[in-house]
Amino acid sequence: MADGVVVITGGAGAMGIACARKLSDADAVVLVDVRAADLAAAARELKATGAPVHTLVCDITSQADVDELAATIRSLGPFRSLVHTAGISPTMASGRQVLDVDLVGTARVIAALDPLVGVGSAAVCIGSIAGYSDAGLAADALLDEPLARTFLDDVDRALGGEIDPDTGYVLAKRGVMRLCERLSLDWGRRGGRLVSISPGLIDTPMGRHELEHQEIMKLMIDFTPVKRAGAGPLPGQAADIANAAAFLCSTAAGFISGCDLRVDGGLVGAGRHLASGPELMRG
């Protein structure tokens, strides 16, 4: 794989750390997270393996912080790849906050890194199978302007009032998938690629938190086709996401761009063939 800088946002989280382990052959691995103490702990773990780790405390809802991230990458070398795992779930914040972090924040990071894209650059943004819910269809046109100054207010108005957290999450993740489709043309002209991954039920601290508060997740576990002996409470693992992200960032995936990869054990596919499928895909 080519040399360069690998960036992992949400680098203190389970998915972020797993992705950093898989991509630690870079000239520099930049771990990014809003939680300073957790970020330091993740960096210590990776440095113990000999990985060339740099850290940056960054709030992706802050333009100044994201600009600093771009400057850091520029100072370390050519931009090789981004795995953008930073985000929050529906039980963690209001609908507006979820949309601001998960979609607007993603768009802000991608826009800041855009001038650094070159031949071989790749970005993988973490979406969700929630983005496949029909609940997101009504706002598609609005979702393509996440950096507009009035974006959050426009979404509220279009949907008849302040959105709830579950709807905010569906819209955010649908918007992430559309962003990767939409911007892949411009990236491709410069030799770069942009894709999204939609995880299913992944056994991470955030996933377990959702399991405790979202009753429908128990049904989704039952309907996930792929089962594993000795699995945790949720059928997927952070390593499943990391393996997919590492492949998508590699030259082996050099003709894959502008699309979404579901890493969900077959849940969305199965749900489409069940009468209760749309409900199961709300995430």
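Taking residues in the range 8-22 that are at positive phi, and partners anywhere that are buried (at least 24 other Cβ atoms within 10 Å of the Cβ), the pairs with Cβ atoms closer than 7 Å and at least 6 places apart or on different chains are 10/16; 10/33; 10/85; 10/86; 10/87. Taking the range 192-283 and the helices (runs of 4 or more DSSP H) fully enclosed by it, the elements with 2 or more residues that are of a type outside the set (Asp, Glu) and over 15 Å from residue 126 (Cα atoms) are at 205-213, 216-223, 267-271, 277-280.
Residues to consider are 120, 87, 131; find the one that is under 15 Å from the mean Cα position of the chain (by Cα) and either modelled with pLDDT of 95 or more or charged (D, E, K, R) (or both). Of the residues listed, the single one that is under 15 Å from the mean Cα position of the chain (by Cα) and either modelled with pLDDT of 95 or more or charged (D, E, K, R) (or both) is 87. Of the helices (runs of 4 or more DSSP H) lying entirely inside the range 63-167, those containing at least 2 residues that are open to solvent by 40 Å² or more (accessible area, probe 1.4 Å) and closer than 27 Å to residue 242 by Cα span 63-76. Tallying residues that are closer than 19 Å to residue 14 by Cβ and either buried (at least 16 other Cβ atoms within 10 Å of the Cβ) or of a type in the set (Gly, Ala, Ser) (or both) within the range 221-260 yields 19. Within the range 14-37, being open to solvent by less than 20 Å² (accessible area, probe 1.4 Å) and under 16 Å from residue 105 (Cβ atoms) holds for 16, 32, 33.
For (1) under 9 Å from residue 99 (Cα atoms); (2) in contact with a Pro (Cβ under 7 Å, 6 or more places away or on another chain), each residue gets a yes or a no:
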position: 139; (1), (2): no, no
position: 145; (1), (2): no, no
position: 152; (1), (2): yes, no
position: 157; (1), (2): no, no
position: 161; (1), (2): no, no
position: 166; (1), (2): no, yes
position: 171; (1), (2): yes, no
position: 174; (1), (2): no, no
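The residues on offer are 194, 171, 201, 211, and the sole one that is over 22 Å from residue 16 (Cα atoms) and aliphatic (A, V, I, L, M) is 171.
The set of residues from the range 1-11 being buried (at least 24 other Cβ atoms within 10 Å of the Cβ) and assigned to a loop (DSSP other than H, G, I, E, B) comprises 10, 11. Only a single criterion out of (1) touching a Ser or Thr at 6+ places or on another chain (Cβ under 7 Å); (2) open to solvent by less than 70 Å² (accessible area, probe 1.4 Å) is not satisfied by residue 213, namely (2).
Residues in the range 38-50 that are more than 17 Å from residue 101 (Cβ to Cβ) and either open to solvent by 30 Å² or more (accessible area, probe 1.4 Å) or in contact with a Lys or Arg (Cβ under 8 Å, 6 or more places away or on another chain) (or both): 40, 41, 44, 45, 46, 47, 48, 49, 50.
The values are calculated or read from the model by the stated rules, or taken from the named source; none is laboratory data. Since we're looking at a predicted model, the values are computed, not measured. Using ideal geometry, Cβ is built from the backbone for each residue, glycine included, and neighbour counts are taken over all protein chains shown. Side chains included, ligands, DNA and RNA excluded: accessible areas come from the protein's heavy atoms. Shrake-Rupley method; radii C 1.70, N 1.55, O 1.52, S 1.80 Å.
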